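Structure first, then comments.
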Amino acid sequence: MKPRQRAIGSLVVLAAGLLAFYLLRYPVRGFRVPMGPDSPVYMWWANLAKIEGLSVANWRPGMPALTLTLGGTLGLSQAEIVAGLGAAFAATIGLGAAALTRDRPQWVSMMAGTLAGAFAVHLAGGYFGNIVFAALFLAMVVALSEG
């Protein structure tokens, strides 16, 4: 296997592992609502925006628009969408950390991605403004480091 293919395979394993880490706790523990203190707020905003329109979210319509769009497209509930977004954003942080250390040995990149993705658990529980900022910040740093 070529080094590039091996690196891509490692990133796929990293992303799948982080998603499993965040998503498997729901069926394993029988949770029916997303974890975290802010998740109910995002579900409430989305349900209210579904009835009243996105203008009800005033200056923060991004998450209600995203959850309503994904929920309608995929046929999932707001609880499933919010839980999935937390996991997806945390996996994105892990992939960003791995990309930031791409010039190091592969095990270092995978360790950085695993640790950063796991530490994002503090944000994945509904602090979507912060977790999206962290993911975008890592993407910007990776892009700038590319030169």
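Numerical summary
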{"item": "Rounded tilt (10° steps) of 106-119 against the dominant C-alpha axis of the chain", "result": "20 degrees"}
{"item": "Accessible solvent surface per residue of the range 59-108, calculated while the other protein chains remain in place, 1.4 angstrom probe, Å²", "result": "50 Å²"}
{"item": "Global form of the range 83-147, assessed from the alpha-carbon gyration tensor, a/c cut-off 1.5", "result": "oblate"}
{"item": "Carbon and sulfur %, accessible surface of the range 6-138 computed with the full protein complex present, 1.4 Å", "result": "70 percent"}
{"item": "Rounded to the nearest 10 Å², the accessible area of residue 103 at probe 1.4 Å", "result": "140 Å²"}
{"item": "Helix-derived mean residue ellipticity, 222 nm - over the chain, DSSP H n ≥ 4, -39500 (n - 2.57), to 500", "result": "-25000 deg cm²/dmol"}
{"item": "Inter-site label distance for residue 52 and residue 16 at 7 Å from Cα along Cβ, in nm", "result": "4.4 nm"}
{"item": "C-alpha long axis of helix 128-146 to longest principal axis of the chain, angle in °", "result": "30 degrees"}
{"item": "Acute angle (nearest 10 degrees) that the helix 3-23 long axis makes with the longest principal axis of the chain, alpha-carbon atoms", "result": "30 degrees"}
{"item": "Rounded accessible area of residue 80 (nearest 10 Å², 1.4 Å probe)", "result": "100 Å²"}
{"item": "Per residue solvent-accessible surface (Å²) - the range 12-56, probe of 1.4 Å", "result": "67 Å²"}
{"item": "Exposure of residue 21 as accessible area (Å², to 10), given a probe of 1.4 Å and all protein chains", "result": "110 Å²"}
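The values are calculated or read from the model by the stated rules, or taken from the named source; none is laboratory data. Because the structure is a prediction, the values reported are computed rather than measured. Here the Cβ is made from the backbone with ideal geometry for all residues, glycine too, and neighbour counts use every protein chain on show. Quick note on the areas: whole protein, heavy atoms, side chains included, nothing else; ligands and nucleic acids left out. Shrake-Rupley method; radii C 1.70, N 1.55, O 1.52, S 1.80 Å.
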